[in-house]
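The values are calculated or read from the model by the stated rules, or taken from the named source; none is laboratory data. For clarity, every value in this text was computed on a predicted model and none was experimentally measured. Every residue, glycine among them, receives a Cβ derived from its backbone with ideal geometry; neighbour counts consider all protein chains shown. When the accessible area is computed, the model is the full protein with side chains, heavy atoms only, and any ligands, DNA or RNA have been set aside. Shrake-Rupley method; radii C 1.70, N 1.55, O 1.52, S 1.80 Å.
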Amino acid sequence: MSDPKIEGLQLKPGFRGMADDTGSDQTMFKGVHWGKAMMWIFLLSDTFVFSCFLISYMKGRGSTLVDWPYPSEVFALHVGGVSVPLLLIAIMTFVLITSSGTMALAVKYGYEKNRKMCGWLVLATALGGLTFVGMQAFEWSKLIEEGVRPWENPFGAAQFGSFFFMITGFHGTHVSIGVIFLFIYAYKVFAGHYENGGKRGWFTTMKGDYVEIEILGLYWHFVDLVWVFIFAFFYLW
Amino acid sequence: MVKAEKKEQSASTHKIGIYMWIWGLLFVLSFFSYMVDWYNFQGMLRWSLILFFMFLKAGLIMAFFMHLFWERYALVNVLLWPMTAIACFIFLMVAEFEYTLFSRAFYFVVGGGA
Amino acid sequence: MSDEYDNNKTYQAQSSETMGGSAPASPDMDYVRPAEIPDQELYHGHSFITKWVFCQDAKVIGVQYFLTAVFTGVVGLILSWLMRLQLGFPGAAGFMTAEHYYQFVTMHGMIMVVYFLTALFLGGFGNYLIPLMVGARDMVFPYVNMISFWMFFIAVAVLMASFFVPGGPTGAGWTLYPPQTILPGTPGAGMGILLMLVSLSLFVIGFTMGGLNYLITILQARTRGMTLMRMPLTVWGIFTATVLAMLAFPALLVSAIMMTLDKILGTSFFMPTIIQAGEVLDYGGGSPILFQHLFWFFGHPEVYIVALPAFGIVSDLISVHSRKNIFGYRMMVWAIVGIGALSFFVWAHHMYVSGMNPWFGFFFATTTLIIAVPTAMKVYNWILTLWRGNIRLNTVMLWCLGFIVTFVNGGITGIFLGNVSVDVPLSDTYFVIAHFHMVMGIAPLMVIMGAVYHWFPLVSGKFLDEKLGKWHFWFTFLGAYSIYFPMHYLGFIGVPRRYFEMYDSPYMTSAVGMNEFISMAAFIVGAAQFILIYNIIKTLKVGKKAGHNPWKANSLEWLTSTVPPEHGNFGERLPVVHRWPYDFSVPGAKEDYITQTTPPSEVVHTEVEKT
Amino acid sequence: MHPGIIFFLVILGSVLFHIFTPWYWTDIASNWGGMDDTITLTFWVGGGVFVAVCLFMTYCVFKFSYKENRKAEYKPEDKKLEKILTWATTLGVIALLAPGLIIWNQYVTVPKNALEVDVMAWQWGWQYRLPGKDGKLGTTQVININDENPFGINLDDPYGKDDVMIQSDAINLENNRPVKILLRSVDVLHNWYVPQFRAKMDAVPGVVTFYWFEPNKTGEYEVLCAEYCGVGHYAMRGSVLVQNEQDYATWLGEQETFSDLIAKQQDLVIGDTKLAQK
């Protein structure tokens, strides 16, 4: 349990603590950095965005009279003449989970003020993300080559292509933005912006702190989280 | 003062073993969900397996990688309650697509004669 | 943020007892916990550009939001004049074609709901009042807040640009229902609709930035002693509305993205097989009803995004000006939160006759009417606050009374429309128009006006002219009431909404006189708004000086170091809060108000409420 | 003048307006009198609450307007009163909701003997199709629509051949016989609405929606489009003629069926070829 020490207030665990936190003055999320709270609320909002996308997809797929393409075959990859279903997707999942793991470790080492480890791990995460985006680009080009378009496809219901490009595209945009920020923050860690009380950020009066790595980590894990749902609903359904 | 800071720091730090475990579990679970497709399970079995692995993975990521397990309930609650609105939306849209599908199939293809 | 926990040394109380959420067990009755967070450092702009244009001060941003929103509101007002001209006196405006009429209807609706009311309440009042009322120096992320305003500004610019592109703005109705929205033949189906969708997306992105700021400021940056249950209801209203916005706007964003793709890439998310002018279009398989679900999943919370801040603000105004605590504060808070939460489970009551699954009618009618209970409780509490008060009948109070009348009227017609089978004959008629203008047009507008008269002395340091204010009120209130009250009866007759011309059916012809009357009233009400503008200009020139806390209110925004408040709001030290903001007319107290910062030791012999 | 007086006059005016209004419902001509009753009930309950709340407010304004030496009462909460008000409101809401739900249940439950009428809408007009002797409508698809097949009937559906086609915006209905209106649209949303029948439902492209009613007064009624469908929306009218059984049967006998239409077109084609041969 995380128990930030708040002066003048005994923090209780569990639901009792929740009631006390909510009823107390100044902050509701005790010991939670402003930026972290903001990232959580943003992710909540973003969850609604992805939920709406996936619900639309469910409604669209569920109510079409035309047969839905069989994803297992559409996304199969030919390796040595054998068609392996979902191979690329499996590798992409593998890469994204790997990068999620390195991110989690980066956060850990950030809090231990281990600058070197933290920096390398953030960089590794960024590279993982980049690989993922690259593979997604490959997947897109392969599908486009096979004649899948947002408005039609040779395998069945036209909405298949529409939803596929829209949802993976939106997710891919999230990943790409994440990658950009990962590179920036890797630089910031290496440059020592979080050492010795922290360097002032670009647009703010706030001083740098390793909590920023955790905030970035939250975003990155969220991207991974969304992929879990896309994987289940898009590729396995 | 310094003490307070130390405590705060240690609160967010956990043994590396936990992360490794979760990491490993995520790979294993992803492998299992891949196997659902590989062995070509169909019907309810497929659905329940997909959803089971999905929620397990999502839960692990949220709880441990995103540290929700260690956060205070005030934050956790605020984040989880809004999901009821999504759940309601999903539930109703399932009813809606079934109705649309029925209506389309009945009036455009099958007809009153069937 | 974790370091420097001790910078509050100077005002740390002697007692080291802990407080475990309840009253302090310490002998020092004025004890308030030390600050958890070091004071916020602010970026002070020095040049004109950083001080007034790209300003990071929430108060300036609030005023910027306010003025931009008012500009869009004036555009919306002019559009409504043109519409009323056509409806009351067909053919009087020679240039008015059906295309123009529908474009005006669409833009009027969208502007008023999203760009005027939402931006005014959350962007305008939210930015100005939240930091002041919770005792913060500024929003938690001033830079992001500044970007939020400029995103909104660009969104407005894009929206206004659509008036000048070939084909004009979109004329698809503010609900933008597909397939008709993006089909050729609909006015503005080319550039107009694209600009609208882009503008909405920008608005959502910009608002998300602002909304995060409001939420985190309220949740994480309150001053010492300010618990959630000591916040003024204004903050509660804006807070809940912002939560709704953060969770509802995603649905709008998603539907806007999907519709944009339908339009430019030819996908068929919302588009079934369509034959237009004998030609089969390249669409197929989509579902128009899906859009309606997404839209109203946003759209219904949106109604409360407008209404809840109005509820909150009006509670504060009524309480201050009847010199009495708001009746049943706790219930008011729970009602706001409850209405907000329920608003996510009622969206399809806008769709009873849309052809959705008919069984949804039972679910949504029930949830909708459940909302009536907390809403009714709020109304009771407002009038019970007046009961045995000491009511100042000034302009602010008049607006509040006007709000109660129009809101109760509109709320009750809402019960007609929410009750599924009663809605069937009334939906898509003028009854609906009358209902939502009364409840989310006029009623919130009354609150906005009241709030302007109430807080103008804070923003400018001068009182608005009372006499002009009263003329402004009576013209607006009586005029607006006589526009929308008779309009219900048009709906009873069965006149459908969105009719460009309506006099070729016998039962509609009977209403010619009424329509002319409504149009005249609309012109007068619109013109009356310029009284306010004149009043503001006059006041800024020769207005009466207000000084500190002119209304003798309790909440923190009146207790700033200077009037108008400077950047950083509270001077050297942040205020420390000891009570709720409604300690008016407390028995045993010298004055009829006790400010939130008054420590208990100064009012020992009074019977104050424990908060 | 005291503001309270004006507020009082506004309330009084609203009540008087309702009593003396020349504008009210068109005479009902269908079985949905229950809807009118529910509206009336809601009107009395809601109107009562409106008048009570506003009068109470006006009273407060008169009684408690500002006096220098008066002090307002200090009473933050009154649990008992709040409880009473909550329960009273809840009961009122239940009383209004229950009849609404009962009537909705009737609205979505179509009687077995209802005559199915296919209403097809487009920008901006209506046309109708009735089942033929077999009592069943053939299935349709928008994609099939062309000059020879104006309703898009699936040609391989045997039930479609005898369907009665009314290529006009006017239709006749039999008095006292329930009709199930099946709505479809070939382009955008429309809504087939006759104020006197009270009932309405959107026509949505891509699906078929329905509602039912039973006309119970002979006469001619105007059909309005009640869902915004483009610039021609306001002019999209049709008409319904409710007739007694005999007149209706006569009218029905004069209408053309789908097979008539096909035959006529074949004749035309044959005629054309003959002409060409000549």
Rg in Å to one decimal, and Dmax rounded to a whole Å, for chain A via C-alpha atoms: 21.4, 70
Could you give the Stokes-Einstein D for region C:372-446 in µm² per second, using the C-alpha Kirkwood radius, 37 °C, 0.692 mPa s? 245
Going down the list C:LYS590/D:LYS63; A:LYS12/A:LYS199; C:LYS552/D:LYS80; C:LYS470/D:LYS67; D:LYS133/D:LYS217, which pairs span over 29 Å between their C-alpha atoms? A:LYS12/A:LYS199; C:LYS552/D:LYS80
Hey, how many Å between the Cα centroid of region C:569-611 and the Cα centroid of region A:8-68? 36
Calculate log10 I(q)/I(0) of region C:551-611 for q = 0.12, 0.17, 0.19, 0.20 Å⁻¹, where I(q) comes from the Debye formula with a single equal point scatterer on each Cα and nothing for solvent. -0.31, -0.58, -0.70, -0.75
Using only protein heavy atoms and a 1.4 angstrom probe, determine the accessible area buried between B and A, summed over both sides, in Å² to the nearest 100. 5800
May I ask for the distance between the Cα centers of region B:38-93 and region C:428-475, given as a whole number of Å? 46
Reference-scaled alpha-carbon Rg (2.2 N^0.38 Å with N residues) for region C:345-387: 1.59
Tell me which lysines have Cα within less than 17 Å of D:LYS83's Cα, excluding those fewer than 8 residues away on the same chain? C:LYS378, D:LYS75
Nearest-10 value in Å² for the accessible area of D:ASP37, using the 1.4 Å probe: 100
By accessible area (1.4 Å), largest first, C:TRP471, D:TRP212 order as C:TRP471, D:TRP212
Nearest 10 degrees, 0 to 90: what angle lies between the long axis of helix C:191-220 and the longest principal axis of chain C (Cα atoms)? 20
Which number do you get for Rg(Cα) / (2.2 N^0.38 Å) in region D:135-215? 1.15
The relative contact order of chain C, taking Cα pairs under 8 Å that sit 6 or more residues apart, comes to a percentage of 15
If you project the alpha carbons of chain C onto their three principal axes, what span does each projection cover, largest first, in Å? 85, 52, 49
When the Debye formula is applied to the Cα atoms of region D:115-271, each taken as the same point scatterer, what base-10 log of I(q)/I(0) results at q = 0.10 Å⁻¹? -0.34
Give the angle, between 0 and 90 degrees and rounded to the nearest 10, that separates the Cα long axis of helix A:34-62 from the longest principal axis of the Cα atoms of chain A. 20
Taking protein heavy atoms only, a 1.4 Å probe, and rounding to whole percent, the accessible area of region C:131-193 owed to carbon and sulfur comes out at 84
Give the share of C-alpha pairs in each 5 angstrom bin for chain D, from 0 to the last occupied bin, in whole percents, shortest bins first. 1, 5, 9, 12, 12, 12, 10, 7, 7, 6, 5, 4, 3, 3, 2, 1, 1, 1, 0, 0, 0, 0, 0
Cα-based equivalent ellipsoid of chain B: semi-axis lengths in Å, sorted from largest, via gyration tensor: 44, 22, 6
With every protein chain present, what accessible area does C:HIS350 have (1.4 Å probe, heavy atoms only), rounded to the nearest 10 Å²? 70
Loop sites in region C:62-133: chymotrypsin sites (Phe, Trp or Tyr not before Pro), DSSP, at most 12 other Cβ within 10 Å: C:PHE95
Please report, as a whole percent, how much of the solvent-accessible surface of region C:486-563 comes from carbon and sulfur atoms (probe radius 1.4 Å). 69
Per residue, what volume in Å³ does the convex hull of the Cα atoms of region C:55-201 enclose? 109
Of all the stretches in chain C, which is the longest one without any exposed loop site, taking GluC sites (Glu not before Pro) in a DSSP loop (any state but H, G, I, E, B) with at most 16 other Cβ atoms within 10 Å? C:42-500
With +1 on the Cβ of every Lys and Arg and -1 on the Cβ of every Asp and Glu, the dipole magnitude of the protein assembly as shown about its Cα centre, in debye rounded to the nearest 20, is 3820
Counting only residues 5 or more places away or on other chains, whose amide H sits under 5 Å from the amide H of D:ALA203 once H atoms are built in the peptide plane? D:HIS190, D:ASN191, D:TRP192
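How much of the accessible area of region D:115-271, in percent, comes from carbon and sulfur atoms when a 1.4 Å probe is used?
Details: 2750 of 5510 Å².
Ligands and nucleic acids excluded, carbon and sulfur reach 50 percent.
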With contacts defined as alpha carbon pairs under 8 Å and 6 or more residues apart, what's the relative contact order of region D:115-271 in percent? 25
What residues does region C:203-232 have that are buried by at least 30 Å² of accessible area in the full protein assembly compared to the chain on its own, 1.4 angstrom probe? C:LEU212, C:ILE216, C:LEU219, C:GLN220, C:ARG222, C:THR227, C:LEU228
Cα to Cα, under 17 Å, and not fewer than 8 places away if on the same chain: which lysines meet these conditions relative to D:LYS200? D:LYS180
For chain C, what is the accessible area per residue in Å² when the probe is 1.4 Å? 29
Alpha-carbon centroids, region C:186-224 and region C:143-175: separation in whole Å: 11
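In deg cm²/dmol and to the nearest 500, what is the mean residue ellipticity at 222 nm of chain C if only DSSP H runs of at least 4 residues count, each as -39500 (n - 2.57), divided by the residue total?
Rounded to the nearest 500, it is -18500 deg cm²/dmol.
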Per residue, how big is the convex hull around the C-alpha atoms of the protein assembly as shown? Give it to me in cubic angstrom, could you? 186
Would you tell me the mean number of C-beta atoms belonging to other protein chains that fall within 10 Å of each C-beta in A:103-112, as a whole number? 5
Rounded to the nearest 20 debye, what is the charge dipole size of region C:536-611 about its Cα centre when +1 sits on each Lys and Arg Cβ and -1 on each Asp and Glu Cβ? 460
Can you list the residues, at least 5 places off or on another chain, whose amide H is less than 5 Å from the amide H of C:TYR31, using H built in the peptide plane? none
If you take the C-alpha gyration tensor of region D:48-125, multiply each eigenvalue by 5 and take the square root, what semi-axes do you get, largest first, in whole Å? 51, 20, 10
Can you give the log10 of the normalised intensity I(q)/I(0) at q = 0.16, 0.17, 0.23 Å⁻¹, computed with Debye over equal Cα scatterers of region C:33-136? -0.79, -0.84, -1.12
Let me check against my output: what whole-number percent is the relative contact order of region C:551-611, with C-alpha pairs under 8 Å and at least 6 apart? 34
Leaving out ligands, DNA and RNA, calculate the buried accessible area for the pair C and D with a 1.4 Å probe, summed over both sides, in Å² to the nearest 100. 9000
Please list 3J(HN,Hα) in residue order for region A:207-224, calculated via the Karplus relation 6.51 cos²θ - 1.76 cosθ + 1.60 where θ = phi - 60°; whole Hz, with x for glycine and proline. 8, x, 8, 5, 4, 4, 5, 5, 4, 4, x, 4, 4, 5, 5, 4, 4, 5
Selected from A:CYS52, C:VAL113, B:GLY43, residue furthest toward positive end of dipole (the protein assembly as shown; charges at beta carbon): C:VAL113
Pairwise Cα inverse-distance average, inverted: Kirkwood Rh of region D:1-134 (Å): 20.5
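When all alpha-carbon pairs of region A:106-237 are counted, what percent fall beyond 27 Å?
34
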May I ask which residue of C:ILE216, A:ALA90, D:ILE153 lies farthest towards the positive end of the charge dipole of the protein assembly as shown, with charges of +1 (Lys, Arg) and -1 (Asp, Glu) on Cβ and the Cα centre as origin? C:ILE216
Could you report the accessible area of A:LYS207 in Å², rounded to 10, computed with a 1.4 Å probe on the protein chains as they sit in the structure? 100
